[in-house]
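S.K.: One structure coming up, written as structure tokens, with questions to follow.
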Amino acid sequence: MSATENKQKKTRYINPYLGGVLLGLVLIAANFTAGRGLGASGAAKSVIVAAVETTTPRHAENTHFYKEYSEGHPNGPMKSWLVFQMLGVIVGSFLSGAIFNRLKFKVEHSPKITSRRRIVFAVLGGILFGFGSQLGRGCTSGSALSGMAVLSLGGFISMAFIFGTAFALAYFFRKNWI
Amino acid sequence: MGPLISYNIISQNTNFLLAFLIGVGFGFVLESSGFSSSRKLAGVFYGYDTVVLKVFFTAAITAMLGLLFLSLFNWIDLDLVYINPTYLYSTIAGGIIMGAGFIMGGFCPGTSFCAASIGKIDALFFIGGLFIGILIFAEGYPLWEGFYKAKYLGIPTLSHALGLKDGVVVLGIIIVALGMFWVGEWAEKKFPREEY
């Protein structure tokens, strides 16, 4: 037990400024090759649209959102740049976790709260983020970070409201984190 | 020359292969910087760990500056690069809802996939929530379609909105970012905590 704990403590992260420069270079590579930035929520939307089209095709044909989506995506929801990029994210994260010895099944939470509470809040947070990313046309990566890189006004607004709101609400959810 | 796909220098299939490789880089950097830990991510809102601030803004200014230089050298045509359109109301409301999701869930979509990849079960539940949220948006779309498409401002850039040159705006953002890094370093000393 103590041996694993010691090992755990030694698994350090890379310098955040170095991480930032590397992430910036990845973002430049995306813009240089594909003419677009990084993203995450768009790939989750592809999965949802594909799932609905497969399981309930008649519902998809008769529902405004899916009709509008397929008009904009004639090749189908899964043949999208973001889907391939997100598959890469899963592989890349796994590789980093393997190299730095962080692969482990666990529910990570503050010792002051139960796993159950952590999971309830994770689901609630996910629902809000899923809905908000659709309303806001992209999440922290797609709208805020990638938008800022190309100086998009919308990107700066997204960034300000995502981080600003989380800051403003931090006090009310402090028990979950500190 | 760039974007390569716009000038047909690479095929659509190559573009997808590159998307996968870019994703590998994206995921690797996120995980190795510590974005697979919700406790580390949430730290930025309490000051005990400001890795999000440092990585996010360093990445933003690196990419801004890089794209600006590539464009100066005529290696990339920024007019062909996708800039997200700005719909003022939905961008603000979406940002507020996402911010609430961030402080409650401890992840954003990208970091939740990153964390789930190394075995974080709470991240898997967050992803489940993400799918539910997107499904709610899709199924209820007629209810908020009007709001979603209201106050369309086109695809303005910050420099355009401020009436300044791109380079001047980027310089300003770099100065602001350096100021925030200083605050971040100060906060980590003031609210020290073990690393998660």
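The values are calculated or read from the model by the stated rules, or taken from the named source; none is laboratory data. Predicted, not measured: the structure shown is a model, and the values here were computed from it. Backbone-built Cβ (ideal geometry, glycine too); neighbour counts: all protein chains shown.
S.K.: Sort out which residues of the stretch A:23-46 are part of a helix (DSSP H, G or I) and more than 7 Å from chain B (Cβ to nearest Cβ), and write them in order of number.
M.R.: Within the stretch A:23-46, A:G42, A:A43, A:S46 meet the criteria.
S.K.: Is it true that some residue in the stretch A:98-111 is among the β-branched types (V, I, T), free of Cβ contacts under 8 Å to residues at least 40 places away in the same chain and more than 23 Å from A:K45 (Cβ to Cβ)?
M.R.: yes
S.K.: Out of the stretch A:1-22, which residues are at the interface with another protein chain (Cβ under 7 Å from one of its Cβ atoms) and either assigned to a helix (DSSP H, G or I) or at pLDDT below 95 (or both)?
M.R.: A:P16, A:Y17, A:G19, A:G20, A:V21, A:L22
S.K.: A:G138 fails exactly one of the following numbered conditions: (1) of a type outside the set (F, W, Y); (2) under 16 Å from the mean Cα position of the chain (by Cα); (3) part of a helix (DSSP H, G or I). What is the number of that condition?
M.R.: Going through (1) of a type outside the set (F, W, Y); (2) under 16 Å from the mean Cα position of the chain (by Cα); (3) part of a helix (DSSP H, G or I) one by one, A:G138 breaks only (3).
S.K.: (1) more than 17 Å from the chain's Cα centre (by Cα); (2) part of a helix (DSSP H, G or I); (3) surrounded by fewer than 21 Cβ atoms within 10 Å (Cβ to Cβ); (4) β-branched (V, I, T): which one isn't true of B:I155, the others all being true?
M.R.: The single condition B:I155 does not satisfy is (2).
S.K.: Considering each of A:G92, A:G132 in turn, give the residue that is under 17 Å from B:F35 (Cβ atoms) and among the small types (G, A, S).
M.R.: A:G92
S.K.: While we're here: Within the stretch B:62-84, how many residues turn out to be under 18 Å from A:L18 (Cα atoms), touching a residue at least 12 places away in the same chain (Cβ under 8 Å) and surrounded by 22 or more Cβ atoms within 10 Å (Cβ to Cβ)?
M.R.: Total meeting the criteria: 1.
S.K.: Sticking with this one: Evaluate the stretch A:28-44: report whether one residue or more is surrounded by 21 or more Cβ atoms within 10 Å (Cβ to Cβ), modelled with pLDDT of 95 or more and among the hydroxyl-bearing types (S, T, Y).
M.R.: yes
S.K.: Right, next: Pull up the stretch B:116-148, narrow it to residues that are touching a residue at least 60 places away in the same chain (Cβ under 8 Å) and more than 19 Å from B:M98 (Cα to Cα), then point me to the one that is farthest from the other protein chains (Cβ to nearest Cβ).
M.R.: Among those that are touching a residue at least 60 places away in the same chain (Cβ under 8 Å) and more than 19 Å from B:M98 (Cα to Cα), it is B:K120.
S.K.: Can we say A:G126 is touching a helix residue (DSSP H, G or I) at 6+ places or on another chain (Cβ under 7 Å), under 26 Å from B:W144 (Cβ atoms) and facing chain B (nearest Cβ under 7 Å)?
M.R.: Taking the combined requirement at face value, the residue satisfies it.
S.K.: Exactly one of (1) at pLDDT 95 or above; (2) in contact with a helix residue (DSSP H, G or I) (Cβ under 9 Å, 6 or more places away or on another chain) is unmet by B:F73. Its number?
M.R.: Only one criterion is unmet by B:F73, namely (2).
S.K.: While we're looking at this one, here's another question. Restricted to the stretch A:125-171, and to residues that are over 17 Å from B:T111 (Cβ atoms) and aromatic (F, W, Y), which residue is surrounded by the fewest Cβ atoms within 10 Å (Cβ to Cβ)?
M.R.: Per the criteria, the residue is A:Y171.
S.K.: Follow-up question, since we're still on this one. Out of the helices (runs of 4 or more DSSP H) lying entirely within the stretch B:11-97, which hold 1 or more residues that are more than 7 Å from every other protein chain (Cβ to nearest Cβ) and either within 15 Å of the chain's Cα centre (by Cα) or among the small types (G, A, S) (or both)?
M.R.: Ranges flagged: B:38-42, B:51-72.
S.K.: Between residues in the stretch B:158-171 that are free of Cβ contacts under 8 Å to residues at least 24 places away in the same chain and under 14 Å from B:L68 (Cα atoms) and residues that are surrounded by fewer than 15 Cβ atoms within 10 Å (Cβ to Cβ) and among the hydrophobic types (A, V, I, L, M, F, W, C), which pairs lie under 8 Å by C-beta distance while being six or more apart or on different chains?
M.R.: What qualifies is B:S159/B:V168; B:V169/B:L162.
S.K.: Which of the residues belonging to the stretch A:67-117 are part of a helix (DSSP H, G or I), closer than 30 Å to A:L135 by Cβ, of a type outside the set (K, R) and more than 7 Å from every other protein chain (Cβ to nearest Cβ)?
M.R.: Scanning the stretch A:67-117 gives A:E68, A:Y69, A:S70, A:E71, A:G72, A:L82, A:V83.
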